[in-house]
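Values in this text are rule-based calculations from the coordinates and carry no lab data. Here the structure is a predicted model, which means the values were calculated and not measured. Cβ: placed from backbone, ideal geometry, glycine included. Neighbour counts: every protein chain shown.
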Amino acid sequence: MLIIKHPTSLKSILNKKYLKGRTVGFVPTMGALHEGHLSLVRASLRANNVTVVSIFVNPLQFNDAADLEKYPVTIEKDILLLSEAGADILFLPGFSDVYPEGDQAARAHYDLKGLESVFEGKYRPGHFQGVCAVVDRLLSIVTPTNLYLGQKDFQQVAVLRKMIQLKNHKTKIVVCPIVREQNGLAMSSRNARLSPKGKEKAGEIYQCLKIINEKAAQKPFEMLKAIVINRLSENGIKTEYLALADTLTLEEVHSFDTNRHLIILIAAFIEGVRLIDNMSLQ
Ligand code: AMP
């Protein structure tokens, strides 16, 4: 696996004659890699000639300085995992590589038509503008055929779809399913901050999503929502939001509707760690 730090080196490698006409799969990450990330890498490896993975903890998408400070960094282990998985190139840029014109200039504004201000965006102001800024830059550098994103960050996929359309990037989004721990907890780099007991309890988030899904035909959403928020609270989990939304528009709806594709979205705190998860209604 090649490890490349500078955008110009990466561009020149990807422009080499022997790579012309080959497909490039790209997996952007913030490191502290786990099976969820690796599932994206494997999906890319299966479908592309070259797989590029990036690790860059993007300060612009953190609205909470303490969260950025505590974000786990495990670069040696990440390198090992990626080379074992068979990734071709690891792109490890620094801040000025991604944002050569500095912090202020990096704060471009994307007209995301409100997709960035609901759910995650409501509780993390500026988060999605920061996500768009970094992925926009990375896509300009890597110019991949396929971009691999996780369903775990459902709203992020919707926002990036919009950004890609706005900026006319020629890349196709491939969405990969959520990889979970045995107890159902969605894998996340933030899980490393949970105690073993906290990790076990956090499996309740998935159980609650399942309950809502399974009971959707019998009980109103608002009733199920109240029941599961209470159950989560009994397990030391504080719900920030639990909502039902249209998968295409992200419009919030308050009752089940079999004529629409709906998704349950949740953000919750356990042991001071903020976790998100989601489940499409069957
Ligand atoms: P992150 O490093 O958290 O920015 O995540 C990088 C990519 O991995 C994003 O596209 C995430 O949606 C995806 N990802 C993170 N956790 C999971 C998971 N448990 N299952 C599938 N994809 C994931």
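Rounded, prolate or oblate for region 159-259? Axes are the square roots of the Cα gyration tensor eigenvalues, ordered a ≥ b ≥ c, and the cut-off for rounded is a/c under 1.5.
On the way: a/c = 2.36, a/b = 1.25, b/c = 1.88.
It is oblate, given that a/c is not under 1.5 and a/b is not larger than b/c.
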Seminar exercise, completed: Farthest towards the positive end of the dipole of region 2-176, among Ala158, Ile75, Asn63 and with Cβ unit charges of +1 on Lys and Arg and -1 on Asp and Glu, lies the Cα of Ala158
Problem set entry | Residues Phe154, Phe26 arranged by fewest to most Cβ contacts within 10 Å | Phe154, Phe26
For this session: Compute the acute angle (0 to 90°) between the alpha-carbon long axis of helix 196-215 and the principal axis of greatest extent of the alpha-carbon atoms of the chain; round to the nearest 10°.
Result: 70 degrees
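Which net charge results when you count Lys and Arg as +1 and Asp and Glu as -1 among the other residues whose beta-carbon is under 12 Å from that of Leu19?
Details: positive: Lys11, Lys16, Lys17, Lys20, Arg22; negative: Asp88.
Charge balance near Leu19 sits at +4.
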Exercise. Can you give me the relative contact order of region 189-277 as a percent, contacts being Cα pairs under 8 Å and 6 or more apart?
Worked result: 30 percent
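Could you list, in their original order, any pairs among Lys113/Lys162; Lys17/Lys167; Lys162/Lys225; Lys199/Lys238 whose Cα atoms are separated by more than 18 Å? Working shown, then result.
Details: Lys113/Lys162 9 Å; Lys17/Lys167 27 Å; Lys162/Lys225 30 Å; Lys199/Lys238 14 Å.
Going by Cα-Cα distance, Lys17/Lys167; Lys162/Lys225 fall outside the 18 Å limit.
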Problem set entry | Table column - 3J(HN,Hα) (Hz), region 33-48, Karplus curve with 6.51, -1.76, 1.60, x for Gly and Pro | 5, 9, 4, x, 4, 5, 5, 5, 4, 5, 4, 5, 4, 5, 10, 10
Problem set entry | Calculated FRET value between Lys20 and Ile173, using beta carbons and R₀ = 25 Å, to 0.05 | 0.60
For this session: Output the direction-averaged projected area (hull surface divided by four) of the convex hull of the alpha-carbon atoms of region 2-176, in nm².
Result: 9.6 nm²
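So how do Met279, Met223 line up by other beta-carbon neighbours within 10 Å, fewest first? Show your work: numbers first, answer last.
Details: Met279 20, Met223 11.
Least to most surrounded, the residues fall as Met223, Met279.
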For this session: Go through region 140-151 residue by residue and turn each phi into a ³J(HN,Hα) via Karplus (6.51, -1.76, 1.60, θ = phi - 60°); whole Hz please, and just put x for glycine and proline.
Result: 5, 7, 7, 6, x, 6, 10, 10, 9, 10, x, 4
Problem set entry | Size of electric dipole in the chain: Cβ of Lys, Arg +1 and of Asp, Glu -1, about Cα centre, debye, nearest 20 | 780 debye
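With +1 on each Lys and Arg Cβ and -1 on each Asp and Glu Cβ, how big is the dipole of region 1-82 about its Cα centre, in debye rounded to the nearest 20? Could you put the intermediate results ahead of the total?
Working: 10 positive and 6 negative charges, 156 e Å.
The calculation lands at about 740 debye.
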Exercise. Do the sum for the chain: with -39,500 (n - 2.57) for every DSSP H run of n ≥ 4, divided by all residues, what is the mean residue ellipticity at 222 nm, to the nearest 500 deg cm²/dmol?
Worked result: -12000 deg cm²/dmol
Problem set entry | In Hz, Karplus ³J(HN,Hα) per residue of region 264-272 (6.51, -1.76, 1.60; θ = phi - 60°; x = Gly, Pro) | 9, 10, 9, 10, 8, 9, 9, 6, x
For this session: Name the longest site-free stretch of the chain, where the excluded sites are trypsin sites (Lys or Arg not before Pro) in a DSSP loop with no more than 16 other beta-carbon atoms within 10 Å.
Result: 171-259
